[in-house]
Amino acid sequence: MLAAAIEWLLTDHNDTPAKGLLIGSLGERAKAGEKKYGTRLKANNGRDALIDAFQEAQDALMYLEQKFLERPRGEFDWRLVQATTQAQKLAIAVAELILMENESGRRPEDPA
């Protein structure tokens with residue numbers, strides 16, 4: 001899975017420092033997860049990937065709100081606003097996927 005994600009990031013050949021940071025961090029996160037859980041992320045692991053993704057997207061929104069509150073008074077950072085907007089879009093997109101699954105009769109808390 002990690003290799004596919006990195007390959008996808010590299011396909012547009014638009015290298016930026018942020019993209020490099022993301023690619024490096026993905027590898028480090030995979031290693032940390034393997035160390036913590038004894039294995040890399042696997043499909044059909046008993047967890048609901050959409051619910052996990054939705055909760056992580058909500059966490060990202062909360063962390064960005066924290067950063068917004070910590071900024072110096074009167075300072076405006078359009079990049080922070082842009083990141084928050086993108087995080088909101090991600091959370092909404094994942095919520096839509098959850099709702100589509102729920103239309104099939106499956107509740108979010110039900111195991112797959």
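One table, with the values for the structure above:
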read-out: Answer residue from the range 32-44, given it is without any contact (Cβ under 8 Å) to a residue 40 or more places away in the chain and surrounded by 12 or more Cβ atoms within 10 Å (Cβ to Cβ) and is farthest from Ala95 (Cα to Cα) among those; value: Glu34
read-out: Test: residue in the range 82-89 that is assigned to a helix (DSSP H, G or I), farther than 26 Å from Leu10 by Cβ and not assigned by TED's automatic domain parsing to the domain that holds Thr11; value: yes
read-out: Sole residue being in contact (Cβ under 8 Å) with a residue 40 or more places away in the chain, surrounded by 12 or more Cβ atoms within 10 Å (Cβ to Cβ) and under 13 Å from the mean Cα position of the chain (by Cα), chosen from Leu50, Leu26; value: Leu50
read-out: In the range 67-84, the residues that are exposed (fewer than 12 other Cβ atoms within 10 Å of the Cβ) and either hydrophobic (A, V, I, L, M, F, W, C) or at pLDDT 95 or above (or both); value: Leu69, Phe76, Trp78
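Residue-by-condition table, conditions (1) more than 27 Å from Glu7 (Cα to Cα); (2) part of a helix (DSSP H, G or I); (3) in contact with a strand residue (DSSP E or B) (Cβ under 7 Å, 6 or more places away or on another chain):
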residue	(1), (2), (3)
Ala32	no, yes, no
Gly46	no, no, no
Glu65	yes, yes, no
Ala91	no, yes, no
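The values are calculated or read from the model by the stated rules, or taken from the named source; none is laboratory data. If you're wondering where the values come from, they're calculated on a predicted model, not measured in any experiment. Don't worry about glycine lacking a Cβ; one is built from the backbone with ideal geometry, like all the others, and counts go over all protein chains shown.
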